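Please read the structure below before turning to the comments.
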Amino acid sequence: MAAKNNYVLAVNLGILGFGIFLSLFETSIGKEKFFQKGVKNKYYSYSVGNLLDTDKNSLLKKSEQKEVIFLTVKIFSDKQYDYDQNIYLAEGNVKALINDGVLRSDLLSYNKLTGILSAEGNIRFKKGGQYFRAKEFKFNLLKKEGIINDVYGILDLKNVLDDLTIDTNLIRNQVQDRTNNNQINTYSDGIEFSFGNVKLPENKITRSSKSIGSINNWRFKSNSITIEDHGWKSNRIIFTNDPFDPNQISFEGIDVIAEEKEGELLITSSKTNLILENRTKIFLGKRIFGGKKKNKNKLDLILDSKDRDGLVLVRRSDTTTINKNIKLDFQPQFLINRAILGKTNSYKNSQNTNINFSDLFGLNIKLKANNKHWVFESVNDLSTLNLTRISSGIRHSNTFRKYIRMPIIEDSTFNVFTKYRSRAWNGTIGETEIKSAFGGFIEKTHFFKTGELTNNLNIRIGTAKYESEKFENNDMTSLWRFSVFTSIDSQYPIWSVNPKNLYKKEATLLSPVSINPELVFRTNINSAYFNYLNSTDQGFLKLSLGPEVRLGNLKRNFFDYTKLSIMPGIKIKFGNSPFKFDNAIDMKTLNINLVQQIYGPLMFDIISNLNIDNSSKNYGEYYDTKLGFLWHKRAYEWGIYYHPNNDAGGLYFRINGFKFADSVQAVF
């Protein structure tokens, strides 16, 4: 084997075609912008040391009146050849260093006469968070076109444009390697979709959801990618967010094109198939990988038996932005069940159940305005567009919040609100209605730790006028109420497994994170005092406490994960409220929260409260119950939920994103 040679070339953005070669991940923004990204009045030629005959390069003549910027590329290999200054060849363990990027191959050649750059054999490239490898690469510098075959790689979409832009200004700042060198694949972001009127739950295993509307890191593969002067494209590419093989979820993109929009790389697939477990294929239509946070699905289904007689089709419109700090959302609705029934049972104050065409449609309007110190939100929900029923078919709320600093309580928020026909729930009483309300309050939240004890404190002081149902019956009464409310949630760890023993290199099939079995003791203390303008008052103190245990690590298929929390509570009160919505009831309760693996990824989730006060007429009744079935995997999860107390339900689908460790192989 010949001694390894070192060859230094002074080149520009077109050096050996690397500017275009790296454009595999650059953007289709046009030839001029591509070569002049971030640089004005500069021209880049193809000159490669003394290998290029400048007399034959007409482009170089055009550069005489413009600044030519040269970069230095170092090429190391076992053998290097220069044939008549027309053909340059590097062979054996080729390593090319350019702008903090490293390209390796078995063979690298450049033909000055034809303008063809080619690399063959075990091609690998790494820079920043970007990595790919391929079998063959060819590019024609004159025609600005080429091909790369059998590509496998990793994309960091957030930083791809910065990583792969070649500019002399960028050489001064070394590109950061953003892969996880600690061999751990970290759960970092995600995408979620939902249907129904159930609030999306947090991940029951991680106890948080990191879904931000996009996934930044992807593994990909393709048999062939075509490079053109305006970007790159491929007939078929497979993407996966899963860091392990075999992957649990992937996306098959057909007719894929890469482009830049607003400084971000967008990869658009005209036809996309979702592939689960390399078996089930679901057609998704056109999809975009990368870019800013995605909007929710345009169409949604919700279940609203109280206001809309059942199933409703919702059309989500794009958010309208006004003066940057005002956002307006419209959600037209079609009431499916009402159309099928041909009547309505939602307006109990009216004996007329007949409907007309305008009763088949609803509308939800949301307005949000904010600046540095305040936020205003308005929600207007119409269950009918029939003007004769509008007063019974609208629910409305306005909220104005201003961030202030006060003595003693320091940082807090000042809130002003109005409500019309607001729904409220109060224990075993169930749902009640606040016909109207307006007022304000000051609120302070504070998180703090005392040793190993973590605490979350909330204080709220305010006054408002309410028109709502009486406690004794359904008649309405209107009164001012002054209120003081405090709550503190605390958690103390009793036992846990050492986290250092949990982080392992191998895949976890059923969870995006390693599970930490633990036992903690939780407490919740609520206290309130309400004073009403009719000289009545009410006060109460409630204490709930109990253990929460997490056992198992989802390594086996049967009952290898249990999360159980049992918190009995007792309430002490004096006085009574004239209203139904805030009267302190259910003096002795039991809160149960259980997540149990049944088999493999199938889990059962239940949250419920039980009245255990044997002196209460509602003794033995459950309230605030939520039931769910989950299918929980490492790379994705989905679930179905039902709330029997208010006839609400829905389903969701969540895809987990990861920061890939160095151990991740770009093969799947």
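The values are calculated or read from the model by the stated rules, or taken from the named source; none is laboratory data. From a predicted model like this one, the values you see are computed outputs, not experimental measurements. Virtual Cβ from ideal backbone geometry, glycine too; neighbours counted across all protein chains shown.
What number of residues within region 131-146 are in a loop (DSSP other than H, G, I, E, B) and over 10 Å from Leu117 (Cα atoms)?
Total meeting the criteria: 3.
Would you confirm whether any residue within region 611-626 is under 25 Å from Ile191 (Cα atoms) and out of contact with any Lys or Arg (no Cβ under 7 Å at 6 or more places or on another chain)?
Yes: region 611-626 contains one or more residues that are under 25 Å from Ile191 (Cα atoms) and out of contact with any Lys or Arg (no Cβ under 7 Å at 6 or more places or on another chain).
Return the residues of region 412-448 that are assigned to a strand (DSSP E or B) and of a type in the set (Gly, Ala, Ser); say none if nothing qualifies.
Ser412, Ser422, Ala424, Gly430, Ser436, Ala437, Gly439, Gly440 - these are the residues of region 412-448 that are assigned to a strand (DSSP E or B) and of a type in the set (Gly, Ala, Ser).
Quick one: would you say Lys271 is farther than 17 Å from Leu155 by Cα, part of a strand (DSSP E or B) and not polar (S, T, N, Q)?
So Lys271 fits the description; yes.
Among the residues of region 187-217 satisfying the criterion of being within 15 Å of the chain's Cα centre (by Cα) and among the aromatic types (Phe, Trp, Tyr), which is surrounded by the most Cβ atoms within 10 Å (Cβ to Cβ)?
Applying the filter and picking the extreme gives Tyr187.
Just wondering, is there one or more residues in region 97-105 that are buried (at least 18 other Cβ atoms within 10 Å of the Cβ), of a type outside the set (Val, Ile, Thr), under 20 Å from Glu145 (Cα atoms) and touching a residue at least 12 places away in the same chain (Cβ under 8 Å)?
yes
With the requirement that a residue be in a loop (DSSP other than H, G, I, E, B) and within 30 Å of Thr206 (Cβ to Cβ), what does region 574-614 give you?
Gly600, Pro601
May I ask you to verify whether Tyr623 is within 23 Å of Arg423 (Cα to Cα), buried (at least 16 other Cβ atoms within 10 Å of the Cβ) and either in contact (Cβ under 8 Å) with a residue 60 or more places away in the chain or not assigned by TED's automatic domain parsing to the domain that holds Ile461 (or both)?
In short, yes.
Of everything in region 237-266, what is assigned to a strand (DSSP E or B), in contact (Cβ under 8 Å) with a residue 40 or more places away in the chain and within 25 Å of Ala661 (Cβ to Cβ)? Give them in sequence order.
Of everything in region 237-266, those that are assigned to a strand (DSSP E or B), in contact (Cβ under 8 Å) with a residue 40 or more places away in the chain and within 25 Å of Ala661 (Cβ to Cβ) turn out to be Ile238, Phe239, Thr240, Ile249, Ser250, Glu264, Leu265.
State which residue is nearest to Gly430 (Cα to Cα) when the search covers only region 444-480 and only residues that are exposed (fewer than 15 other Cβ atoms within 10 Å of the Cβ) and β-branched (Val, Ile, Thr).
Thr463
Return yes or no: is Glu472 at pLDDT below 95, within 15 Å of Ser577 (Cα to Cα) and out of contact with any helix residue (DSSP H, G or I) (no Cβ under 7 Å at 6 or more places or on another chain)?
yes
Please pick out the residue among Asp586, Asp537 that is more than 29 Å from the chain's Cα centre (by Cα), surrounded by fewer than 18 Cβ atoms within 10 Å (Cβ to Cβ) and closer than 30 Å to Asn614 by Cβ.
Asp537
Check Lys617, Lys571, Lys563 and return the single one that is of a type in the set (Lys, Arg), in a strand (DSSP E or B) and either surrounded by fewer than 15 Cβ atoms within 10 Å (Cβ to Cβ) or over 30 Å from the mean Cα position of the chain (by Cα) (or both).
Going through Lys617, Lys571, Lys563 in turn, just one is of a type in the set (Lys, Arg), in a strand (DSSP E or B) and either surrounded by fewer than 15 Cβ atoms within 10 Å (Cβ to Cβ) or over 30 Å from the mean Cα position of the chain (by Cα) (or both): Lys571.
Considering only region 409-443, state which residues are surrounded by fewer than 18 Cβ atoms within 10 Å (Cβ to Cβ), under 20 Å from Phe482 (Cα atoms), out of contact with any Asp or Glu (no Cβ under 8 Å at 6 or more places or on another chain) and small (Gly, Ala, Ser).
Gly440
What single numbered condition from (1) touching a Phe, Trp or Tyr at 6+ places or on another chain (Cβ under 8 Å); (2) surrounded by fewer than 17 Cβ atoms within 10 Å (Cβ to Cβ); (3) modelled with pLDDT under 90 fails to hold for Leu594?
(3)
Given the criteria at pLDDT below 95 and either closer than 29 Å to Lys204 by Cβ or of a type in the set (D, E, K, R) (or both), does Lys617 qualify?
Here the answer is yes, as Lys617 does meet what is asked.
Just to be sure before I move on: is Ala134 in the same structural domain as Thr226 (by TED's automatic domain parsing), under 25 Å from Asp242 (Cβ atoms) and of a type in the set (Gly, Ala, Ser) in the structure I sent?
yes
If I go through region 349-394 residue by residue, how many of them are more than 16 Å from Leu335 (Cβ to Cβ), surrounded by 16 or more Cβ atoms within 10 Å (Cβ to Cβ) and of a type outside the set (A, V, I, L, M, F, W, C)?
3
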